[in-house]
Every structure is written in structure tokens, then in C-alpha cells.
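Working notes for the structure below.
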Amino acid sequence: MSIPAVLAVVFLLLPLAGVLARTPWSTLVSRLSSHEVSQALGLSLLVSAWALLLALVLGIPLAWLLARVEFPGKALVRCLVMLPMVLPPTVAGVALLQGYGRRGLLGPALDSWFGVSLPFSTTGAVIASAFVSMPFLVISLEGSLAGLHPRYEETATSLGAAPLRVFRTITLPMIAPGLIAGAALCWARALGEFGATITFAGNLPGTTQTLPLQVYLLLQDDPEGATAVSLLLLVIATVVLLALRGRWLGGKPAAPKSA
């Protein structure tokens, strides 16, 4: 068993080692500080932050529903939550176009009622990133909620605490590690989103051209520049994973506060 395990590590490590070996170290700082890369980095941080906020607003109630409530079609809803994780990125982009595009199911209503057109806009990039990254938050948080015995919440409710106060003072503190882990994974996935973004939002500098799209553009005529930006994304992803060590799907719940 050890030999296949070693081969698996080599298989995963070799491409990453290739990035390190081919990085233009002598010009790395100047490449990463160029206007185009700085602009793409700023846009990536903006898009991923808004995507995380949207995922938190929608994903926390959804995770609670899946973990705490039995209802018809629950398995189907959980399947829908996980679907963006396994869809090919370009298929996700096409699906977004058919749902929120100018000729999609909701697109014409958004345009006529609110004057909003999502494709090829920064908001569209946020929607695409949230669509593919929210499952990471929901699945992680659902696992934490499922591992939390409901007796704590039931006790607080029996003492007269309102449901919102129970959730704020009992549930949230106890699932905080899982929430932090899920949020970090969601943000990292949103930061690295490419396929759905380029299909739904395009590759417009200063508007939708995030770092992964910048890598794609650089790869065509500046492979060393593409490697340098790839290294930046690789470092960010590594830092996120190291920070989450020991916090996968929650870890130990924190002690609840008094209701």
C-alpha cells in the first residue's frame, strides 16, 4: 500500500513543483505588481468577498434546513446543493446564462423591472462565483449542525429564549469552527473560479477579469507571467488550507453562551 500512496503524492506534487521550478523569480515582484495583475487581484478580492457574503446569507439558512428539518424532497434539495461541485464549469456558466441571462428564465424580468443585466458584469462574476462556491459552505455547515445535539437548543427554547436568540447565542457559537472552515473554503473556491465566470460574465479587464482569467490570458503570449500569477493563487490556496488544519467540518464545538 505504501508504494501506491507514494505514487499518489508524487502525482499530486509534480505539477505544483513544476510551477515552482518555472516561476520567473528574478522578475516575480515586477510581474505581480503590474497594473493588469493588480487590477485583476483587486477585482478577484472584491468578487470573492461579495460571493462569500451572498453564500453566507443564503447558505446558512439552507444548511440549517437540511440539518434540522425533515421535508419531502430533502434528498433532491441536497443533490441540487452538491450539483455545482460536480458540474463542468462551462456547463455551470451555460446554466447561469439560461437562468439569469438576457434571454434566460429570470433575465428579462430583471431587465424590465429593475434595469439589471447580469451577464458580462461584475455582478455577474459574483453570481457565478457564488453559484459554484456556496456548496462548500453548505456542506461543511450542515455537517457541523448535524453533529450538534439539539438538546442545547431545546433547553434554551424551554427557558423562554426566542428562536433567533437561540440560534445567535447557542447554535452559532457551537458551530463556529465549521462555519469558519466552510466560509474559508467557499471564499477560496470563489477566488479561483474560472469556467463559469468566463462563460457567464466574460473576460473584461477591470470588470470581470479576475486572477484566474488573467492567467488564461497571459498563458497565450506570456507563459512566465501566467506561472507567476499561478504561484500567487497557489500560495493563497495553501495558506487557506494550512489555516483550516484541524477544523475540517467543525472540530469540537464551542461552549454555548447563556440564553
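Computed quantities for the displayed model
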| quantity | calculated |
| --- | --- |
| Angle in degrees between helix 35-68 and the longest Cα principal axis of the chain, rounded to the nearest 10 | 20 degrees |
| DSSP-loop trypsin sites (Lys or Arg not before Pro) across region 44-149, with at most 13 other Cβ within 10 angstrom | 102, 103 |
| Taking the convex hull of Cα positions in the chain, its mean projected area over all directions (nm²) | 18.1 nm² |
| Angle between the chain longest axis and helix 223-243 axis [Cα atoms, degrees, rounded to 10] | 20 degrees |
| Residue 120 - accessible surface, heavy atoms, 1.4 Å probe, Å² rounded to 10 | 100 Å² |
| Interchain or long-range residues, amide H under 5 Å from residue 201's placed H | 120 |
| In Å², nearest 10: area of residue 154 left accessible to a 1.4 Å probe | 110 Å² |
| Dipole magnitude (debye, nearest 20) for the chain, charges at Cβ of Lys, Arg, Asp, Glu | 700 debye |
| For region 193-206, 3J(HN,Hα) per residue [Karplus equation, 6.51 cos²θ - 1.76 cosθ + 1.60, θ = phi - 60°, Hz, x = Gly/Pro] | 5, 9, x, 5, 5, 5, 6, 8, 10, x, 10, 9, x, x |
| Rounded accessible area per residue of region 99-186, 1.4 Å, Å² | 48 Å² |
| Using alpha-carbon coordinates, inclination of helix 2-22 to the longest axis of the chain, degrees | 50 degrees |
| Residue-wise HN-Hα coupling along region 113-128, computed from phi with Karplus coefficients 6.51, -1.76, 1.60 (Hz; x: Gly, Pro) | 7, 10, x, 10, 10, 7, x, 6, 9, 4, 4, x, 5, 5, 4, 4 |
| Whole-angstrom gap from region 164-202 to region 12-35, using each part's C-alpha centre | 29 Å |
| Mean ellipticity per residue at 222 nm, deg cm²/dmol - from DSSP H runs of n ≥ 4 across the chain, formula -39500 (n - 2.57) | -23000 deg cm²/dmol |
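The values are calculated or read from the model by the stated rules, or taken from the named source; none is laboratory data. Owing to the predicted nature of the structure, the values given are computational and were not obtained by experimental measurement. When we count neighbours, we look across all protein chains shown, and the Cβ atoms used for this are built from the backbone with ideal geometry, even at glycine. Side chains included, ligands, DNA and RNA excluded: accessible areas come from the protein's heavy atoms. Shrake-Rupley method; radii C 1.70, N 1.55, O 1.52, S 1.80 Å.
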